[in-house]
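The values are calculated or read from the model by the stated rules, or taken from the named source; none is laboratory data. None of these values were measured; they are calculated from a predicted model. For neighbour counting, all protein chains shown are included, and Cβ atoms are generated from backbone atoms with ideal geometry for every residue, glycine included. For accessibility, only protein heavy atoms count, side chains too; no ligands or nucleic acids. Shrake-Rupley method; radii C 1.70, N 1.55, O 1.52, S 1.80 Å.
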Amino acid sequence: MSRWLHERRGGRHFTFVVLGACLPVILTVSGCTTGSSEARKDLSARALLDFKTGEIILPLDAYDATTRWADFQSLQRATYLAVDECMVARGQRYTAAHIIDAPDTNIGDRLYGLWNVDYVRKYGYDSPEVQTNIAIAKDAEAGGDAWGAAWKTCYETTIPTEIRSLIPGLEEQRRSLVSRLRAEARSRAEADPGWAAARVPWAACLQKAGLEPHTDGWRSKQAQDMIMSENDVPTQGTQELSRIAYIEAKCNVESGLTQNLGNLEAGYQQPLIDANQAALNKVKEQAQQRLATAKAYIATHG
């Protein structure tokens, strides 16, 4: 798979399309309610674009400890520190625990295509190497099978349970109330006439620049063809893809595509939040407890 195929949360957050059996109605922890089937929209809800981290911040993100880049870094760092102690006790190196990645290593959210022009100007569809990942790979290569066996033992059984459970597994993410509400809001947003309308000025901008909008997704056909190619992209191809990426990002901003679609999705998230507020408050408490546990561990072991 191409290294350029990441779309959501820099490869660290999880986005799942989970379609409920009785959509489109209000979802709760226990399933679907008998409320009105008409999708409600809050016209005042807005998406916040964070140009430093490349994040598209939507209302439901406030209830998930793994969504925001900074929060996830805390969960990950606490886990790395615990693994480091265990690895050192077994005579192995785990240098990732002593590295703090910079925000610009986050590939960012590309739910609606490229939109962070400054980032794209530097990296195109690509992104800089994440230093913690590099450190783990180097340690694993140097340590060989013994390192791998030690890591497996440390990560799966030895580190404290409360630290091992800081980052939710895939199944927990899929089944969570937040994921289900996100999927519901996305489904409603895509069915809104504003979804298709937002595409019109974006597509016109691409065409004016000599690119053809891809029929599926938020990139040009030219970029899609290059990205999906099974062959290694030569230097000239990489330069061309970077040029195309810059045009796509500029057209995204000029047409307001990401902001408009983000606002639309936020507009459908907010009524779902209002209808499930009590349950979401409990989810938020759990998320905040995860973050508190991580920060406390970092303070005493960092």
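Where nothing but the Cβ of Lys and Arg (+1) and of Asp and Glu (-1) is charged, how large is the charge dipole of the range 217-302 around its Cα centre, in debye to the nearest 20? Don't jump to the answer; show the numbers that get you there.
Details: 8 positive and 9 negative charges, 85 e Å.
For this selection, approximately 400 debye.
Specify which residue in the list A209, N252, A189 is farthest towards the positive end of the charge dipole of the range 39-301, using unit charges on the beta carbon of Lys, Arg (+1) and Asp, Glu (-1), about the Cα centre.
Going by the charge dipole, the pick is A189.
Once phi is turned into ³J(HN,Hα) by the Karplus curve 6.51 cos²θ - 1.76 cosθ + 1.60 with θ = phi - 60°, what whole-Hz value does each residue of the range 274-280 show in order, with x for glycine and proline?
Karplus values, whole Hz, x for Gly and Pro: 4, 6, 10, 4, 4, 5, 5.
Compute the distance in nm between two label points, each set 7 Å from the Cα along the Cα-to-Cβ direction, one at A62 and one at S242.
4.0 nm
Along the Cα-to-Cβ line of R164, 7 Å from the Cα, sits a label point; which residues in the range 48-77 have backbone N less than 19 Å from it?
The answer is 75-77.
So how strong a dipole does the range 34-190 carry about its Cα centre when Lys and Arg Cβ are +1 and Asp and Glu Cβ are -1, to the nearest 20 debye?
Computed about the Cα centre, the dipole is about 340 debye.
On a full-extension model of 0.36 nm per residue, what is the gain between R93 and T157, subtracting their alpha-carbon distance, rounded to one decimal in nm? Intermediate results must be reported in sequence, preceding the final value.
Details: separation 64, 0.36 × 64 = 23.04 nm, distance 1.81 nm.
So the chain would gain 21.2 nm between R93 and T157.
Might you tell me the accessible area per residue for the range 39-301, computed with a 1.4 Å probe and given in Å²?
Details: 12660 Å² over 263 residues.
The answer is 48 Å² per residue.
Which of K250/K295; K122/K152; K138/K221; K138/K295; K122/K208 have a Cα-Cα distance over 30 Å? Don't skip to the end; give the middle numbers.
Details: K250/K295 38 Å; K122/K152 36 Å; K138/K221 37 Å; K138/K295 27 Å; K122/K208 23 Å.
Among K250/K295; K122/K152; K138/K221; K138/K295; K122/K208, the Cα-Cα distance tops 30 Å for K250/K295; K122/K152; K138/K221.
Along the range 149-159, what does the Karplus equation 6.51 cos²θ - 1.76 cosθ + 1.60 (θ = phi - 60°) give for ³J(HN,Hα), rounded to whole Hz, x for Gly and Pro?
5, 5, 4, 4, 5, 4, 6, 8, 9, 8, 5
What do you get for Rg/Rh over the range 39-301 if you use C-alpha atoms and the Kirkwood form of Rh?
Values: Rg = 21.1 Å, Rh = 20.7 Å.
We get a ratio of 1.02 for the range 39-301.
Taking a cut-off of 12 Å between Cα atoms, list the aspartates and glutamates near K282, but don't count ones fewer than 8 places away on the same chain.
Straight-line reach from K282, under 12 Å: D64.
With only Lys, Arg, Asp and Glu charged, each at its Cβ (+1 for the first two, -1 for the last two), find how big the charge dipole of the range 39-301 is about the Cα centre; round to the nearest 20 debye. Could you put the intermediate results ahead of the total?
Numbers: 30 positive and 35 negative charges, 118 e Å.
Around 560 debye, computed over the range 39-301.
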